[in-house]
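Just below is one structure, and these are the notes that go with it.
The values are calculated or read from the model by the stated rules, or taken from the named source; none is laboratory data. Predicted model only: the values in this text are computed from it and were never measured. Neighbour counts are summed over all protein chains in view; Cβ atoms, including those assigned to glycine, are modelled from backbone coordinates with ideal geometry. Only protein heavy atoms, including side chains, enter the accessible area calculation; ligands, DNA and RNA are left aside. Shrake-Rupley method; radii C 1.70, N 1.55, O 1.52, S 1.80 Å.
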Amino acid sequence: MWSFLTDNPNLWYVMGGCAILGVASGALGCFAVLRRQSLLGDALAHAALPGICLAFLLTGSKSPGVMLVGALASSLLGALFILGIVRGTRLKEDSAIGIVLSVFFGGGIVLLTAIQHRPTAAQAGLDKFLFGYAASLVPRDLEVLGMLTLAVLAVLALFYKEFKLLAFDREFGAAMGFPMRTLEVLLTALVVVAVVIGLQTVGVVLMAAMLITPAVAARQWTHSLGLMVTLAALIGAGCGVTGAVLSGAGRNIPTGPVIVLAVTLVMLFSIAMAPRRGLVWSWVRLWRHRKKVRLENLLADFYRLGEPQQDWKRARTLPALAIVRGQPPARVARTVAQLERSGLLASENGQWRLTDTGLEQARRILRNHRLWEMFLSRRLELAADHIHRDAEEMEHALSPAIVAELERLLGQPAMDPHHKPIPVVNPKSEASNPQSS
Amino acid sequence: MTPTPQTATPPTSTAAAQRPSTPAVEVHDFTVAYHTKPVLWDVDFALPEGKLVAIIGPNGAGKSTMLKAILGLVPVSAGWVEIFGKPAREQRSIIGYVPQRESVDWDFPTNALDVVLMGLYGRVGWIRRPGRHEREKAMAALAHVGMADYARRQISQLSGGQQQRVFLARALAQEARLYFMDEPFAGVDATTERAIAGLLRELRERGRTVIAVHHDLQTVPQYFDWVVMLNLRLVAAGPVEKVFTADNLHATYGGRLQVLTQAAESLLKKGGPTG
């Protein structure tokens, strides 16, 4: 099934072109995304279209060099317009980007239509810049695009420190005397070059995705700018090659959109699965917290049930617990089983009682709850009927450090605002909880 | 050195000229406008070296703008500023800056040490990367604000107070003679507030000058020696014990500048200040 790779030598050029495009736009896209200028690339890509048309009209040539120069010139002009509008008027950047995008793209479409209605035969093929036409890449294109990419990466490496400063804290850089406006123009020019590198392959309409998506995906996996830039470049290149191969294997599958879809899949996977920042990770965290709350609530119930007789370790039946908790017995049974496995409850003739560690835990939870109620009523002066629900949440979340601070603020109170005694805990058990045992 | 005491009224330029030593910051007839909205109007003051100076005033009084205009970060419509007798742009290497904490994206992919290293970029110069020597300096600055254990921590995982201390460490790494701080005490925990107050005292002992935008009137006499009271115009500038008075506070925070404000706005709408 891989014979198409050898049957079609042209495919190797396409793969090379797509990889080059992915590297350039992935690396530069990181700075666009971090500077909250994701849409800048979109405007710059669209702004290239009139330049391409004008270059053809003026020279009658469709050679890659001519097209690139036209695209670069008009895209740069668009970039300068955006910077100028933001600086010279009261319009915000999003408006400036919108204006440049629509005006330049509209002009480009008018020129394109005019060119296509000309009687000569030479006009065909300019519309490939709209959605890209990777199959048209030839070795000469690859040389030009490769050189441009190397140039872009070289400048990026040279001024990496300054660009990082620009992206993180522009004012601080300016206060140190770095010419931040010049750096901004330089960085924008690099984005323009990256956009132009991808035009023939991906086209003006989808080019923004190649800047934004690899950067967003890479951001999920690392907390280092250097790694993020490297990773985004690799994702861009990998997806470029994947898209080229996929469209080469099938008939009439356009390369650009396939690349964009591939990189979007990588981004979705990253947003869902990346450790710490990923959605799945936060769901797991939420699920764990809910489980902890469920276990701790039942332990606290045992303590409260024992309070009237001061008999903390009396065995309780499932139906009794179910009534206190207001949950079906089957559900309470599951929680009880989990607590038993953790050694916090012990079974006794079909009933359950707190173990020593279970009692310490229950005391800690009740102490957290009642300390927090004291804090709300004494320090924040909330009425006694307003504080229980809040304390129900906080009892599971208070860290030992916060508890110590509460004790310091409140001076080790013995009673809570409802005149219930605040349990005293053995300090050694404070750090543990049902989850970790 | 002993600076000449300032009066409650805006100091005249002759008062500044008579002082024996060059002021750390001298602002002369300063006017700043954003588009047609006046932000600062005809401000004059001179601040002596080695003092902790608070810039106070109500919201929208132009406190942050004052700092940024002195630093050359926002364009000035009229007037001039001198840092130790020279234009600010010639004095970059002796100026340290702590911007408002909210002015940056704390989800930026970098760690605390890296942020502090940025304070040394000016010394490192163009294109060169910070090396081991700079890393050691940055670590020392972090240790100075009690943040050495957090050097490799991603900055979004730091508390607000810790982030503020990272910014202070970055300014310390600049080893400046004159520090500008934009609301260093805003939204920090008690530990950080004590740490910053201690740091300010220490900087003064080492003869440094600190000019900080400050929002908490109660702590002005406790933390600062001098105060600049702004409300579009300069209300007063001088030692705290002289100018931090009920009258001046009323003039700064009360509504008495309303007429002036309106006059300034109407003039600016007709084309802005000239000169």
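At a Cα cut-off below 25 Å, give the lysines reachable from B:K86, other chains included and same-chain residues fewer than 8 away excluded.
B:K51, B:K63, B:K68
Work out the length of the dipole vector of the range A:278-437 about its Cα centre, built from +1 on the beta-carbon of each Lys and Arg and -1 on the beta-carbon of each Asp and Glu, and round it to the nearest 20 debye.
The dipole magnitude comes to about 520 debye.
Determine the equivalent ellipsoid of the range A:278-437 by diagonalising the alpha-carbon gyration tensor, then write out the semi-axes as square roots of 5 times the eigenvalues, largest first, rounded to whole Å. Before the final figure, lay out the partial values.
On the way: eigenvalues 128, 77, 47 Å².
Equivalent ellipsoid of the range A:278-437: 25, 20, 15 Å, largest first.
What percent of all Cα-Cα pairs in the range B:126-187 falls into each 5 Å bin, going from 0 up to the bin containing the maximum distance?
Binned Cα distances yield the sequence 4, 16, 25, 24, 18, 9, 2, 0.
What list of ³J(HN,Hα) couplings, whole Hz, do you get for the range B:100-116 from phi and the Karplus terms 6.51, -1.76, 1.60, once you set θ to phi - 60° and write x for glycine and proline?
4, 4, 6, 6, 10, 8, 7, 8, 4, x, 6, 10, 4, 4, 4, 5, 5
How much area per residue is accessible in the protein assembly as shown when the probe is 1.4 Å and only protein heavy atoms are counted (Å²)? Provide the component values of the computation, followed by the final result.
Details: 32030 Å² over 712 residues.
Here the per-residue accessible area is 45 Å².
With both partners inside the protein assembly as shown, how many of the DSSP beta bridges are antiparallel, as a percent to the nearest 5?
Antiparallel: roughly 60 percent of the beta bridges in the protein assembly as shown.
Farthest toward the dipole's positive end in chain A, which of A:P179, A:T355, A:I402, given Cβ charges of +1 (Lys, Arg) and -1 (Asp, Glu) about the Cα centre?
A:T355
Could you give the C-alpha radius of gyration of the range A:4-273 expressed as a fraction of 2.2 N^0.38 Å, taking N as the number of residues it contains?
Relative to the rule-of-thumb radius for its length, the range A:4-273 sits at 0.98.
Top mean-square fluctuation among A:G358, A:G106, A:G236, Gaussian network model of chain A, C-alpha springs under 10 Å?
A:G358
Dividing the Cα radius of gyration by the Kirkwood radius, what Rg/Rh value follows for the protein assembly as shown?
1.07
Using a simple charge model, +1 on the beta-carbon of Lys and Arg, -1 on the beta-carbon of Asp and Glu, nothing else, what dipole does the protein assembly as shown show about its Cα centre, in debye to the nearest 20?
That gives the protein assembly as shown a dipole magnitude of about 900 debye.
Kirkwood hydrodynamic radius, the range A:128-170, all distinct C-alpha pairs: what's the number in Å? Write down the numbers at each step before the final one.
Working: mean 1/r = 0.0786 Å⁻¹.
The Cα-based Kirkwood calculation yields 12.7 Å.
Peptides A:156-164, A:128-136: what's the order by average Cβ count within 10 Å, highest mean first?
Ranking, from highest mean packing down: A:128-136, A:156-164.
Looking at chain A, how many pairs of lysines come closer than 28 Å at the Cα, when each pair is eight or more places apart or spans two chains?
For chain A, qualifying lysine pairs total 12.
Post the alpha-carbon centroid distance, the range A:395-426 to the range B:169-226, in whole angstrom.
Cα centroid to Cα centroid, the span is 35 Å.
Chain pair A, B: how much accessible area is buried, both chains summed, with a 1.4 Å probe, in Å² to 100?
2900 Å²
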